[in-house]
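Data block below; observations after.
Derivation of every value follows stated rules applied to the coordinates shown; laboratory data play no part. Note that the coordinates shown come from a computational prediction; the quantities given were computed from them, not determined experimentally. Neighbour counts run over all protein chains shown; Cβ positions are idealised from the backbone, glycine included.
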Amino acid sequence: MTKREEIMSAVIALLNATDGIEHVERSLVKAYSAEETPVVVVHRGDETVNDRMIGAIDRTMDLRITVICRCENPEVAADDLMGIIHSALMTAPIPGIIEIAETGSDEPKYAERPSDGCFVQSHYSVLYRTNPNNL
């Protein structure tokens, strides 16, 4: 398993152990097809190599957290859940992470029919270190 997947697994474990969060997925495909919501999805975006040192590489990964809700007021429900997630990410130690910082969020996106739900996505910059032979 790569270091970035170890970090993703640690984030999922943290969110699964957080009060108020009931359904966490690693797969957007599984989350979109879930019948019960809200669903929290932990996935990633870009990654950059920051510093190369003898025996180590510092990397920054774009950690994306998406909340999918289908209910009477899905944007508000997703935003409330995102508040719980943000607090957990910013206060709990996560193995393998040197630093985590919020970098922004996307506008809420709705399904073709708003009653079919909406999703909200936040982005976090995650700094971590690997040896030169690993990701």
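A few notes on this one:
- Which listed residue, of ILE65, ILE57, ILE85, is more than 30 Å from ASN131 (Cβ to Cβ) and not acidic (Asp, Glu): ILE85
- Options ASP62, ASP58, ASP46: the member that is assigned to a strand (DSSP E or B), acidic (Asp, Glu), in contact with a strand residue (DSSP E or B) (Cβ under 9 Å, 6 or more places away or on another chain) and loosely packed, with under 12 Cβ neighbours inside 10 Å: ASP46
- Single residue of region 1-49 satisfying the filter (of a type in the set (Ser, Thr, Tyr) and in contact (Cβ under 8 Å) with a residue 40 or more places away in the chain) that is nearest to PHE119 (Cα to Cα): THR37
- Looking only at region 1-33, and only at residues there that are more than 25 Å from GLU99 (Cα to Cα) and small (Gly, Ala, Ser), the one that is farthest from the chain's Cα centre (by Cα): SER33
- Some residue of region 11-22 being over 16 Å from ILE94 (Cα atoms) and either small (Gly, Ala, Ser) or part of a strand (DSSP E or B) (or both): yes
- Checking each residue in region 72-98 for being farther than 16 Å from PRO38 by Cβ, more than 13 Å from the chain's Cα centre (by Cα) and surrounded by 11 or more Cβ atoms within 10 Å (Cβ to Cβ) picks out ALA92, PRO95, GLY96, ILE97, ILE98.
- Which numbered condition VAL42 fails, given (1) within 12 Å of TYR124 (Cα to Cα); (2) in contact with a Gly (Cβ under 7 Å, 6 or more places away or on another chain): (2)
- Selection from region 1-17 of residues that are crowded, with 17+ Cβ neighbours inside 10 Å and touching a helix residue (DSSP H, G or I) at 6+ places or on another chain (Cβ under 8 Å): VAL11, LEU14, LEU15
- Among the residues of region 95-135, those identified as closer than 19 Å to ASP46 by Cα, touching an Asp or Glu at 6+ places or on another chain (Cβ under 8 Å) and outside any loop (DSSP other than H, G, I, E, B) are THR103, VAL120, GLN121, SER122, HIS123, TYR124, SER125, VAL126, LEU127, TYR128, ARG129.
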